[in-house]
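**Student:** One structure, as structure tokens, below. Some questions next.
The values are calculated or read from the model by the stated rules, or taken from the named source; none is laboratory data. On a predicted model such as this, the values are computed, not experimentally measured, just so you know. Please note: Cβ atoms are built from the backbone with ideal geometry, for glycine as well, and neighbour counts cover all protein chains shown.
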Amino acid sequence: MLKSGMESQYVIGLDYGTDSARALLVDAQTGKELATAVHSYSRWKAGKYCDTKVSQFRQHPLDYIEAMELTIKTVLAKVSPEVRKNIKGISIDTTGSTPVAVDEQGCPLALLPQFADNPNAMFVLWKDHTANTEAQEINALAKKWETDFTKYSGGVYSSEWFWSKILHILRVDEAVAKSAFSWVEHCDWMPALLTGNTDPLKLKRSRCAAGHKAMWHPEFEGLPAQNFLSALDPCLSGIRGRLYSETYTSDESVGTISADWANRLGLPDDVVVGVGALDAHFGAVGAAIKPFTLVKVMGTSTCDMLTVPVDDFDGQLIKGICGQVNGSIIPGMIGMEAGQSAFGDYYFWFQEVLSFPIKELSAGILSAAEIDQITAAILPALAEKARKIPVTELDVVALDWINGRRTPDANQQLKAAIMGLGLGTDAPALFKAFVEATAFGSKAIVERFEMENVPINEVIAIGGIAKKSSYIMQTLADILNVKIAVATSEQVCALGAAMFAATVSGIHPDISTAQKMMTSGFDQEYFPDKDRAVIYEQLYRKYKKLGDLIQDFVLPEEVFEQKPVLQ
């Protein structure tokens, strides 16, 4: 607590999302948000290093460095010198699993001249699914091994995660494989960069990323055993010794900002840097998560976060989720993660489909700005039309697996499907079905938690979709048949990062105190329509039947030995 007569103290939360990064400067005593800045990754925005046809999504480390520098400098330019000199801490969250190959000094290979334009030397974004085959091999071997290293990861390992990705890169790129001394998650590399301590054998690794994405657990004395990794592929021989065994929760410090970065950013030279974590986990903290509260982080994908007491769930394995890790969200609590591989991405895909004639046929008729304006108006217009369509048991039903399925039971090879099309099905009706599909996917996650005896007492939503689309949020409330509260802050993940920054810098004694002092509260609530909820139950049953059909059609038993089920 701030004593009378003392100067105010401030912290920065830096949040790296899929398309952009944002910095948030916060008063650590009150939670007041003084300034924010957002920067879109320039290379990513230009479509570089990605190939959607094969689900390849890579990001250059320069995009991350530039985003940090630009957003923090912009934020600092908005406040007084008095504020700037009293900034005490900074914490960073990122997407994940988003690993990169590094040399012995911890430098991402893409920062070396010979690898500057090699996508395999860059950060492999969470949504990259080029490692589907590797994920299948990990799952198959884990089920035969004396220890199932996937058991704390829901029992199914995903191509979106650490080991699948690095194994794939090692197999397909000999030059990267020879130069890669170790591998580092994005959320670990950024704090290391700020402190100047990038040695991959010494930098502090996030408990959050390691536990949820890399099969790290104290029971295994760290990462999966080396003989398991070597049996998976000889190219992994010796890799465990070049990674880590210890992990750290985000209420711990990685050190003080280096003189170089303090000068480069214009920050005081005593700023404390916290251990990083995944964006959704910090978002849950920023939303003031409590035990058995489901926090839905709603953006291009969704992450669904829960915390439960260790004493109640220690040793209980929750099937089909994205991990259960002690301390991954709140230190001293088990953090559970689930989510969907596509949410906002589903709507954006449909927007791109509908905008094809606008972009292709209007050249020379409309300016680029006019085309962008029309394209940006597509989804809001569809939402207004879809809102007015009555909900009936005969409606079109779709699956949300357009980028695979993350939860329940990770399987990135699955595809979306639509059932019930007719000549009267128009664009708003399709959009309505896609929105309902994403909500049905959320319901499947809730059902899985409840089937595994993890109760959900309340639902909180954060993220761009939660703030901007009342139609999507109302549909979600109707299908889940629960009240949904929306956090006030526009930057809840960055706010969670700021809360941890206030903790590691000693302003608050623990993260619970930081949450109480800095929370933004809630400014919207959505209540379910009971009549629509009844009809949606019938449509949800159709959604599950369609899912069973697609699983049988797309993935026969010989392709995926352990066929996931929704029921």
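**Student:** Being in a helix (DSSP H, G or I), under 30 Å from I402 (Cβ atoms) and touching a strand residue (DSSP E or B) at 6+ places or on another chain (Cβ under 9 Å) narrows it down to one of A110, A192, so name that one. Full working, then the answer.
**Tutor:** Working: A192 fails: under 30 Å from I402 (Cβ atoms).
The match here is A110.
**Student:** So which pairs qualify, if the first residue must be in the range 397-418 and within 19 Å of K165 (Cβ to Cβ), the second must be of a type in the set (V, I, T) and crowded, with 22+ Cβ neighbours inside 10 Å, the Cβ gap must be under 6 Å, and the two must be at least 6 apart or on different chains?
**Tutor:** That search, which allows pairs on different chains as well, returns T407/I321; T407/I445; A410/V156.
**Student:** Still on this structure: Quick one: in the range 391-414, which of the residues that are of a type in the set (D, E) and touching a helix residue (DSSP H, G or I) at 6+ places or on another chain (Cβ under 7 Å) is surrounded by the most Cβ atoms within 10 Å (Cβ to Cβ)?
**Tutor:** By that ranking, first place goes to D400.
**Student:** Another question about this same structure. Testing H60 on (1) of a type outside the set (V, I, T); (2) touching a helix residue (DSSP H, G or I) at 6+ places or on another chain (Cβ under 9 Å); (3) surrounded by fewer than 17 Cβ atoms within 10 Å (Cβ to Cβ), one condition comes back false. Which one is that?
**Tutor:** That leaves (3) as the condition not met.
**Student:** Take S230 and decide whether it is among the hydroxyl-bearing types (S, T, Y), in a helix (DSSP H, G or I) and modelled with pLDDT of 95 or more.
**Tutor:** It is true that S230 is among the hydroxyl-bearing types (S, T, Y), in a helix (DSSP H, G or I) and modelled with pLDDT of 95 or more.
**Student:** Go through (1) under 27 Å from W349 (Cα atoms); (2) at pLDDT 95 or above; (3) hydrophobic (A, V, I, L, M, F, W, C) one by one and return the number of the condition L24 breaks.
**Tutor:** Result: L24 passes all but (1).
**Student:** Another one. Taking strands (runs of 3 or more DSSP E) that fall entirely within the range 283-381, which contain at least 3 residues that are closer than 28 Å to A439 by Cβ?
**Tutor:** 293-298, 302-309, 333-340
Every residue, every condition in (1) buried (at least 16 other Cβ atoms within 10 Å of the Cβ); (2) farther than 30 Å from R541 by Cα; (3) touching a Leu at 6+ places or on another chain (Cβ under 8 Å); (4) of a type in the set (S, T, Y), yes or no:
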position: G335; (1), (2), (3), (4): yes, no, yes, no
position: Q340; (1), (2), (3), (4): yes, no, no, no
position: G364; (1), (2), (3), (4): no, yes, no, no
position: L379; (1), (2), (3), (4): yes, no, no, no
position: I389; (1), (2), (3), (4): no, no, no, no
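**Student:** Also, I was wondering about something else. Would you point out the residue of the range 325-367, among those that are among the charged types (D, E, K, R) and under 22 Å from the mean Cα position of the chain (by Cα), that is nearest to D312 (Cα to Cα)?
**Tutor:** Selected residue: E337.
**Student:** Something else now. Go through the range 332-361 and give me each residue that's among the hydroxyl-bearing types (S, T, Y) and touching an Asp or Glu at 6+ places or on another chain (Cβ under 8 Å).
**Tutor:** S341, Y346
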